[in-house]
Amino acid sequence: MKCNDARTFMSQIAGKSVTIQVQQLDVNFLSTNGYVSVMQKGDYDQAVAEVANLAQMNDALQNEMVQEGIARAALAKDERKTHSILFHLEGRDEKEAEVARVESERGAVAREDADIVEKDSRIKELIQKKSAIDRMVPCDGLYVSLTGLGVLTLNDLNVRNYRVSDSDFSDFMEERMETIGELHSIAERGSFQVSNLRTRILEADFSQLWNVSIGLAKLRADQSQINQRFLLALGILHHFDSTLDNKMMAAEIITSLSANSSQSSIDNSDLQNLTKTLQSLDHDLRHHAKVPKQISTGVAALVMFGRRYDGTYPTDRFLEFSRMTRSYESAAILSVMNDPSNQLPSKFQAFRSMFGLWGYQTSEDTELASAYLAISDLGPDDVRWKMSIIVTALKNYLEYPLVAAAILTSIPTLEANETLDLMEKAYSSLWSFATGLERSELVSLSVRMIHGIKNEIVEKLDPTAKITRTPVQFTHAPSGLFFGYYAPLIIVHSSYYSTFSGIGGFHPAHVHGVGGGFGG
């Protein structure tokens, strides 16, 4: 069964009118796998007959409950009488008769209660049955309806039909369940990290812990060893002058620079050398690029992550971009990209101009959004429509959605509606684990979760692009002349940390939730 056939059939069920011919084999497949419910005509007619008197049954139950209430009140009155002083003054025969009458009333009320419970259960069962048959649609002698899973699946088919219409439905569902499973796994591993970190980093709030934990959860190695390496790295960075947010960001980047995850254990012997390198870069950026100490550690960590094939670091590129923008984070994001053709400066300026034409004043948000889009494979003409859709959608959750929208827009393999649908799935995976967070914070964490869709250049676009199995949120395929491997760039972190901005002093991060909530 092709996806388009499944979508058409399920859409007609939802629309209460099945006009297409569907093979019995396909109906059986959808029923067996829980997408549709199927009733034989005889069973349907019997169910209709059973629920026909539902309203009368409910009225009778309500009347019985009223009578039961009256009987219970009379029982309570008689029970109080048996405990009164006057009762003890009565004769033996009178007292025995009164006690026997109360016991009889108590038994009658108990039987009435049991009868009400039984009838109420039966009515609830019939209500569920009526709800089911009300959704039923006649189809070739059968009656069919969508299950809860069927409704969700139809939504996914509607979102992605233009890509997968000719694909086998079973392949589509396998990919869908794998994606949902991976998002759930990231959320679950993130919860593990939060539970381990919250007793060790007492000065961090819940939102900060979840932010870094999502990044750690995406690392493909033993989570206990990842947790240990992160805490070791953060401990070493304790004496640095930057804010806790930036130290945590730097520690996360250092954690991701561990040995290959295919090894049985993570080797932490490199931590001291990495810290010395970070300290040297931190010093150089503060003194030569005038990066404020509040964010210098985080910026230096980003630059360190852009280590070149010859062992040098792109500090020269950082200095170049820091002359173009007062946003040090944006300069760091741009500097770590391998750009042999030197197109990044013009792309960055083009996106800044686009936001200016849209009415945005220059700010940390516009600079970061421009940087994220500049390092993608897309140009302003490619993203205008997609970006506007995503910005409009995120305005329902974030007061300042530009940076998050740019990150989502930079995923080239997904259209706007697909991207938002995937973010919604990530949100659904998170909310049961990250209880207590603001809605805006959950949305921002969802962006972190899905910022890692395959975007390497391939001969044929993968219509079912999945979350990359990389330890970071963005994967760029540099020129093969310089790198023999994909260089994973941890560049999403800075947009979710409260930082000291080069524009306007302390910048309250980019998780400005509507109606309150900040940070992330």
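The values are calculated or read from the model by the stated rules, or taken from the named source; none is laboratory data. The model shown is predicted, which means the values in this text are computed figures rather than measured ones. Using ideal geometry, Cβ is built from the backbone for each residue, glycine included, and neighbour counts are taken over all protein chains shown. Surface areas here come from the heavy atoms of the whole protein model, side chains and all, with no ligands, DNA or RNA. Shrake-Rupley method; radii C 1.70, N 1.55, O 1.52, S 1.80 Å.
Can you find, among 193, 158, 145, the residue sitting farthest towards the positive end of the charge dipole of region 136-228, where Lys and Arg contribute +1 and Asp and Glu -1 at Cβ?
193
Where nothing but the Cβ of Lys and Arg (+1) and of Asp and Glu (-1) is charged, how large is the charge dipole of region 215-287 around its Cα centre, in debye to the nearest 20? Intermediate results must be reported in sequence, preceding the final value.
Working: 6 positive and 8 negative charges, 24 e Å.
Its charge dipole is roughly 120 debye.
Please report Rg (one decimal) and Dmax (integer) in Å for the Cα set of region 178-253.
Every Cα atom of region 178-253 included, Rg and Dmax give 12.3, 43 Å.
Tell me, what is the Rg over Rh of region 54-153, with Rh the Kirkwood radius over Cα pairs?
Values: Rg = 23.7 Å, Rh = 17.5 Å.
Ratio of gyration radius to Kirkwood radius: 1.35.
For the chain, with only Lys/Arg (+1) and Asp/Glu (-1) charged at the beta-carbon, what is the dipole magnitude about the Cα centre, in debye rounded to 20? Could the numbers behind the result be given before it?
Values: 50 positive and 65 negative charges, 319 e Å.
Computed charge dipole of the chain: roughly 1540 debye.
With a 1.4 Å probe and all protein chains kept in place, how do 99, 51 rank by accessible area, largest first? Present the calculation step by step, with values, prior to reporting the outcome.
Values: 99 65, 51 15 Å².
Sorted descending by solvent-accessible area, the residues read 99, 51.
Ignoring ligands, DNA and RNA, please state the percent of accessible area on region 286-397 from carbon and sulfur, probe 1.4 Å. Numbers along the way, then the final one.
Details: 2310 of 4830 Å².
C and S atoms contribute 48 percent here.
State, as an integer percentage, the relative contact order of the chain based on alpha-carbon contacts under 8 Å between residues 6 or more apart. Write out the running numbers ahead of the final one.
Values: 696 pairs, mean separation 73.1, N = 520.
RCO, the chain: 14 percent.
What FRET efficiency comes out for residue 206 versus residue 81 if R0 is 56 angstrom and r is the Cβ-Cβ distance? Round to the nearest 0.05.
Working: r = 58 Å, r/R0 = 1.04.
The formula returns an efficiency of 0.45 here.
Suppose every Lys and Arg Cβ carries +1 and every Asp and Glu Cβ carries -1, with no other charges. What dipole size does region 15-120 come out with about its Cα centre, to the nearest 20 debye? All intermediate terms of the calculation are to be shown ahead of the outcome.
Numbers: 12 positive and 21 negative charges, 58 e Å.
The calculation lands at about 280 debye.
Kindly provide the helix-only [θ] at 222 nm of the chain, computed as the sum of -39,500 (n - 2.57) over DSSP H runs of four or more divided by all residues, to the nearest 500 deg cm²/dmol? Don't skip to the answer; put the middle values down first.
Values: 21 runs with 317 residues, N = 520.
The helix-only estimate for the chain comes to -20000 deg cm²/dmol at 222 nm.
So what does log10 I(q)/I(0) come out to for the chain at q = 0.07, 0.11, 0.12 Å⁻¹, using the Debye formula with one equal point on every Cα and no solvent?
Normalising to I(0) and taking log10 leaves -0.54, -0.94, -1.06.
Just list whichever of 218/276; 247/386; 130/425; 16/129 have alpha carbons separated by over 24 Å in the model shown.
Details: 218/276 26 Å; 247/386 34 Å; 130/425 31 Å; 16/129 17 Å.
Violating the 24 Å Cα-Cα cut-off are 218/276; 247/386; 130/425.
Measure off 7 Å from each Cα along the Cα-to-Cβ vector at residue 382 and residue 98, then give the distance between these two points in nanometres to one decimal.
With each label point 7 Å from Cα toward Cβ, the separation is 9.2 nm.
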